[in-house]
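Report on the following structure.
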Amino acid sequence: MTHYLVVGSGLFGSVFAYEAATRGHNVTVLEKRSHVAGNIYTKEIEGIQVHQYGAHIFHTSKEEIWHYINQFATFNQFINEPMANSKGKMYNLPFNMNTFSQIWGITTPKEAKKKIDEQRQVLQGRKPSNLEEQAISLVGYDVYETLIKEYTEKQWGESCKNLPPFIINRLPVRFVYNNNYFNDKYQGIPVDGYTRIIEQMLSHPNIVVHLNEDFLANKQKWAALSDKVIYTGMIDEYYDYCFGHLDYRSLVFKHEVIDQANVQGIAVVNYIDKEIPFTRVIEHKHFDFGKQNKTVITKEYPVAFEKGLEPYYPVNNPVNSLLYKKYKRLAQAETAIVFGGRLGMYRYLDMDDTIEQALLLVKRELA
Ligand code: FAD
């Protein structure tokens, strides 16, 4: 039997720990935060499951992943149908016939396509060279100005003219009246919160969890106590930034309890205008059709990543991709440590991708 040290109790580390433990291996999990579950951590406040690190909606079309996660949770019927507030007016997202009708007063897909086609003519068939041109080529000028420009500039702290086109390669545009943000077959929110899922995974008797323990502060000690390390922290930090820092975007979340039953009438509202410093407001009770007398909202402020903040979104531009390749080469030469999860792989992973990646590692490592 092997003794695994899993660094990080997020979804990736916890799936691996559970699978190793159920196969008879011993697992020590180290977590530098004061709680388990990483970024999917939810905390009950006023009887409402509050998503502490941003709204998390489980969605997947992968049959086996859906069955896997259902071992640990019961999901409700939540469908994500976010709204956007632009200059005080509400619009449906993702861009669909409802949005086009709100912007142009049109009613048919033919009229919407005609509008978009007319507005993309400004590019005269040129390949988009920046995010602004990319957006106009996909949805036309009016949708870009009303719903994309200021939001994206807040999010990235940069003019759309200076941002690369690939950021919005896959902008969802639909010529049907359908506000469901995701195209996946399965979607929902776990009724007891995400933390409960992780607690169940880590409650196996072969698993010991240490909270408030930073592996990198005592690397040698912890590594010596185990046969193999599964590391889900930042790969550049592990190697002491020897090739330089990988870039991330970060967010600050401000939670508020409000003595009111219903503040915005929906779980997610995006705020487009540049004068408003936050990009989204989440009203958590609507994820679970809550009927409590009070409500909890979270405002999401995009900020540049710096030490002390959470690295939320990897910036996968050519410079960072090259830098990551260098770290990956070092990682591939290791025999006693494996890197995984969104930080170890320097890749944005949805929850279903995270589980899939962890199960692939299980196959390679524990077959
Ligand atoms: P994490 O959850 O980050 O876990 C890594 C853990 O390692 C952390 O707990 C960290 O504290 C710990 N750690 C790091 N370094 C050390 C160290 N040196 N010592 C000890 N511990 C350490 N996915 C969806 O499917 N749907 C959504 O709606 C969705 N919304 C999202 C919204 C936001 C704002 C963000 C940022 C992500 C969202 N995701 C969503 C993605 C989801 O959060 C990830 O798939 C998931 O959290 C990845 O899990 P992980 O284990 O790889 O990483």
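Quick notes on this structure:
- Segment 301-367: trypsin sites (Lys or Arg not before Pro) in DSSP coil with no more than 12 other Cβ atoms inside 10 Å: K307
- Span-rule helices in the chain, defined as complete DSSP H runs reaching 18 Å or more along the axis (Cα) with Kyte mean at least -0.5: 351-366
- q = 0.08, 0.12, 0.21 Å⁻¹, segment 212-367: log10 I(q)/I(0) [Debye, one scatterer per Cα]: -0.35, -0.72, -1.32
- Three-way shape label, segment 128-168, alpha-carbon gyration tensor, a/c 1.5: oblate
- Normalised by the number of residues in the chain, the mean separation of alpha-carbon contacts (under 8 Å, six or more apart) gives a relative contact order of 27 percent.
- Between A367 and R347, the C-beta separation translates, for a Förster distance of 25 Å, into a calculated FRET efficiency of about 0.60.
- Gaussian network model of the chain, Cα within-10 Å springs - most flexible of N179, N218, N320: N218
- Model label points for D273 and H35, set 7 angstrom from Cα along the Cα-to-Cβ axis, are 3.3 nm apart.
- Whole-percent pair-distance distribution, where bins are 10 Å wide, for the alpha carbons of the chain: 5, 21, 30, 26, 14, 4, 0
- Candidates V29, V268, V173: whichever shows maximal mean-square fluctuation once the chain is modelled as a Gaussian network with Cα springs under 10 Å: V173
- Pairs from K89/K299; K114/K154; K228/K326; K62/K294; K87/K185; K161/K326 whose Cα-Cα separation, in the structure shown, is over 25 Å: K114/K154; K62/K294; K87/K185; K161/K326
- If the segment from Q121 to R23 were pulled out straight at 0.36 nm per residue, it would be longer than the present Cα-Cα gap by 29.3 nm.
- Here the label points at L225 and N293, each 7 Å from Cα along the C-beta direction, are separated by 4.7 nm in the simple model.
- 10 °C / 1.306 mPa s Stokes-Einstein diffusion coefficient of segment 83-168, Kirkwood radius on C-alpha pairs, µm²/s: 119
- The chymotrypsin sites (Phe, Trp or Tyr not before Pro) of segment 148-213 include none that meets both criteria, a DSSP state outside H, G, I, E and B (loop) and at most 10 other C-beta atoms within 10 angstrom of the site's C-beta.
- Accessible-area composition of the chain, carbon plus sulfur, in percent [1.4 Å probe]: 49
- The mean accessible area for residues of the chain, using a 1.4 Å probe and ignoring ligands and nucleic acids, is 48 Å² per residue.
- Length released on extending from K113 to H210, taking residue separation times 0.36 nm less the Cα-Cα span: 29.3 nm
- Point-to-point label distance, V257-A304, nm (Cα→Cβ direction, 7 Å offset): 3.7
- For segment 22-120, the Kirkwood radius over C-alpha pairs fed into Stokes-Einstein at 10 °C and 1.306 mPa s yields D = 87 µm² per second.
The values are calculated or read from the model by the stated rules, or taken from the named source; none is laboratory data. These numbers come from a predicted model, not from an experiment. Backbone-built Cβ (ideal geometry, glycine too); neighbour counts: all protein chains shown. To get the accessible areas, we keep the full protein, side chains included, count just its heavy atoms, and leave off ligands, DNA and RNA. Shrake-Rupley method; radii C 1.70, N 1.55, O 1.52, S 1.80 Å.
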